[in-house]
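The values are calculated or read from the model by the stated rules, or taken from the named source; none is laboratory data. Being a predicted model, the structure only gives us computed values, none of them experimental. All Cβ positions, glycine included, derive from the backbone under ideal geometry; neighbour counts span all protein chains shown. Protein only, heavy atoms only, side chains kept; ligands, DNA and RNA dropped before computing areas. Shrake-Rupley method; radii C 1.70, N 1.55, O 1.52, S 1.80 Å.
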Amino acid sequence: MTGATPEAARTTSRGSVGEPEVTSKVLSPGSPPSRRFDLARHLGERWFRYATGAMALIVVGLVLLVLQQLWVGSRLAWSEWGLSFITRTAWNPVTGEFGALPFIVGTLLTSMMALAIALPVSLGIAILLTEYAPRLLRDPLIFVVELLAAVPSVVYGLWGIFVLAPLMQQRLMPAIAATPLGRLPVFGEPGTGYTLFTASLILAIMIIPIIASLSREALISVPRDQKEAALALGATRWEATRFAVLASARAGIFSAAVLGLGRALGETMATTMTIGNRVNLTFDYFESGYSMTAIITNELREAASEIHIHSLVAIGLILFILSFVLNTIGRLILMRTRMRGA
Amino acid sequence: MTGVGMPLRLRARLFRDAVLVALCVVALACAVVPLVWVLWDVVAVGVANLSLEFLTSLPAPPTIGGGGWANAIVGSVVVVGLAAAIGIPVGVGTGIYMSEYGANPLGRSARFLSEVMAGLPSIVAGVVAYGVIVVTMGQFSALSGGIALSLLFIPIVAITTQEALQMIPKDQREASFALGVSEAPTTLRVILPAAMGNVLTGVMIATARVVGETAPLLFTVFNSRYWMEGLDRPTATIPVNIYSYAISPFEHWHEQAWTGAFVLVTMVLTLNVAARTLWARRARFMAGR
């Protein structure tokens, strides 16, 4: 807004007392045309509306195109196996046997673990930034957290390959295995560094900014007087935050988590580079696995048979539907809470 | 605060208060430490191998050493330029329509579908561009990469443009109407110039987002070891190079991947910082939203 106002004032003042000829030109249609090329007039009222409307139509058309392409490109897989494609576990390009389950499971396991790690961290950040951080530090800290979202996925992947995966193999996974956590059935014997768990950690780092930023918005929108009332009743700052702020911001935080999960599902490069890329239906986070995005990345270029390509695109369609559903749910809740806040 | 005469229960509550603040600080550290760590590695390893040769020459075989990514840098600029050339008119136009004439089914569905597309997994954009263009043309091309990236570019620009236009106070529009200026010139001459800074911010954020995208390029622009030969030919780009060099078995290529990452991160962060200083209000796509 700031900085925009003088610009606009200059533009509007063009028709003011200082330059009467512009005003008269607009008021009397018969006046001589100005020498400056007037794009707006040239296009005319209607045409401007139609031109921008055409752009909006393109956006609508693009989404339809995406759906149509994913459907047409995958129909062989659906006609061959029907919906059981989703629950089939075979993946063998040589014999032409394909099924999506190992990839769906890998994607869901890594995304949910990423969410489980990122949600408490993001909430802590959001609470710190809205309730505790001194005003002077607030903006720089917000900027730093947002920078996490700016680093490209492939750079996280690079870091994952050369820094995180070796560290996981040598230190982190053995350390976790030694604690009582290691006895949970989801953590097996540590082996390679490229595992579902490594991918989950990278995904967690990548979705922290979106969850933190949306949760912060949810916390800010809670009216201040609720918290102040709690403080006045003798609550400590944490109690006031928990009972007055967090309780009212629940819906907003939930939508933040849903949108974060949706982001994690579709994340490609960082996952592909750290998950291990082994077709392996497992629930053990310390094993190599595969994700829906990774199998497309690795095989679409080289896929030779028609059915192989269609199976890969079918996985893309499942991915699109999953992320569409999560995004829609998240946005709807967000819109409702925003409206209530306003 | 921790008075001696304080009841035990209150002291316990205050203690818990302090512990939870400490936990929040730990949470912040959990985000800041990886960021600093990643950036540190990118800078430390990347700068060590940064040279004029890297920026100006073609790749060399891994056994020889040396060589550079000049073709990939050019390729990235061209592909992102294509995405912007498609994305800016469509995105800004859609944003204007949604803001100025959007109270109808087309406006509402464009808005909803822009949100949907903003959440589109980037690899899906690649799959679609592969199916529509690569398969049709029978070869990988810079053009197909630009179109794949424009699918990610358009919704960001459309949404930020709409939000930018709606931030302009109603009085300005009304003042323009009062002077006898009709709707379209008001939008083009008054509202759009006033919102231009924020529209540009949206464009920069979108550029920053797509310049680092790898997945949509893998099966559209593919890769090349030579200078760009045309928009209809496979092309090298920085992100795809980082990926293929990183998973290669050659030590020398690993080092170059880090240097490429340094170049890419520098581009992305510059765009982000510039966008941030342009827009007084925090832009929503900064946090990847």
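Quick one: B:R11 ticks every box in (1) in contact (Cβ under 8 Å) with a residue 60 or more places away in the chain; (2) out of contact with any helix residue (DSSP H, G or I) (no Cβ under 6 Å at 6 or more places or on another chain) bar one, so which box is it? Evaluating B:R11 over (1) in contact (Cβ under 8 Å) with a residue 60 or more places away in the chain; (2) out of contact with any helix residue (DSSP H, G or I) (no Cβ under 6 Å at 6 or more places or on another chain) leaves (1) as the failure. For residues in the range A:162-197 being among the β-branched types (V, I, T) and over 13 Å from A:E287 (Cα atoms), which is surrounded by the most Cβ atoms within 10 Å (Cβ to Cβ)? Taking the candidates together, the pick is A:I176. Looking at B:L58, B:L82, B:L50, just one residue is aliphatic (A, V, I, L, M), in contact with a strand residue (DSSP E or B) (Cβ under 9 Å, 6 or more places away or on another chain) and either in contact (Cβ under 8 Å) with a residue 60 or more places away in the chain or closer than 28 Å to B:L151 by Cβ (or both), and that residue is B:L58. Only one entry of A:E97, A:E80 meets the criterion of being assigned by TED's automatic domain parsing to the domain that holds A:M292 and surrounded by fewer than 18 Cβ atoms within 10 Å (Cβ to Cβ), and that entry is A:E97. Checking each residue in the range B:84-125 for being more than 13 Å from chain A (Cβ to nearest Cβ) and either in contact with a Ser or Thr (Cβ under 7 Å, 6 or more places away or on another chain) or at pLDDT below 95 (or both) picks out only B:A84. No other residue among B:I159, B:I154, B:I168 is within 10 Å of chain A (Cβ to nearest Cβ), assigned to a helix (DSSP H, G or I) and either closer than 30 Å to A:L334 by Cβ or open to solvent by less than 10 Å² (accessible area, probe 1.4 Å) (or both) apart from B:I154.
Those helices (runs of 4 or more DSSP H) of the range A:189-290 in which at least 2 residues are over 15 Å from A:T130 (Cα atoms) and among the aliphatic types (A, V, I, L, M), considering only elements entirely within it, cover A:196-220, A:224-232, A:250-266, A:269-274. With respect to the stated conditions, B:L278 fails to be at negative phi and modelled with pLDDT of 90 or more.
Considering the range A:218-228, and only residues there that are in contact with a helix residue (DSSP H, G or I) (Cβ under 7 Å, 6 or more places away or on another chain) and open to solvent by 30 Å² or more (accessible area, probe 1.4 Å), the residue that is nearest to A:F243 (Cα to Cα) turns out to be A:Q226.
Apart from one condition, B:F222 fits all of (1) of a type outside the set (D, E); (2) open to solvent by less than 10 Å² (accessible area, probe 1.4 Å); (3) not in a helix (DSSP H, G or I); the exception is (2).
Filtering the range B:257-277 to residues that are open to solvent by 10 Å² or more (accessible area, probe 1.4 Å) and over 20 Å from B:I156 (Cβ atoms) leaves B:W258, B:F262, B:V263, B:T266.
For B:F177, the requirement of being touching a Phe, Trp or Tyr at 6+ places or on another chain (Cβ under 6 Å) and open to solvent by 50 Å² or more (accessible area, probe 1.4 Å) is not met.
Checking each residue of the range A:275-289 against the condition of being under 16 Å from the mean Cα position of the chain (by Cα) and modelled with pLDDT of 95 or more gives no match.
Remark: pairs (first residue in the range A:175-193, without any contact (Cβ under 8 Å) to a residue 40 or more places away in the chain and outside the structural domain of A:G289 (by TED's automatic domain parsing); second residue among the β-branched types (V, I, T) and surrounded by 15 or more Cβ atoms within 10 Å (Cβ to Cβ); Cβ separation under 8 Å; 6+ apart in sequence or on different chains) are absent. All of (1) touching a residue at least 12 places away in the same chain (Cβ under 8 Å); (2) open to solvent by less than 10 Å² (accessible area, probe 1.4 Å) hold for B:A184 with one exception: (1). Assessment of the range A:332-342 against the conditions (closer than 30 Å to A:G182 by Cβ, assigned to a helix (DSSP H, G or I), open to solvent by less than 50 Å² (accessible area, probe 1.4 Å) and facing another protein chain (nearest Cβ under 10 Å)) yields no matching residue.
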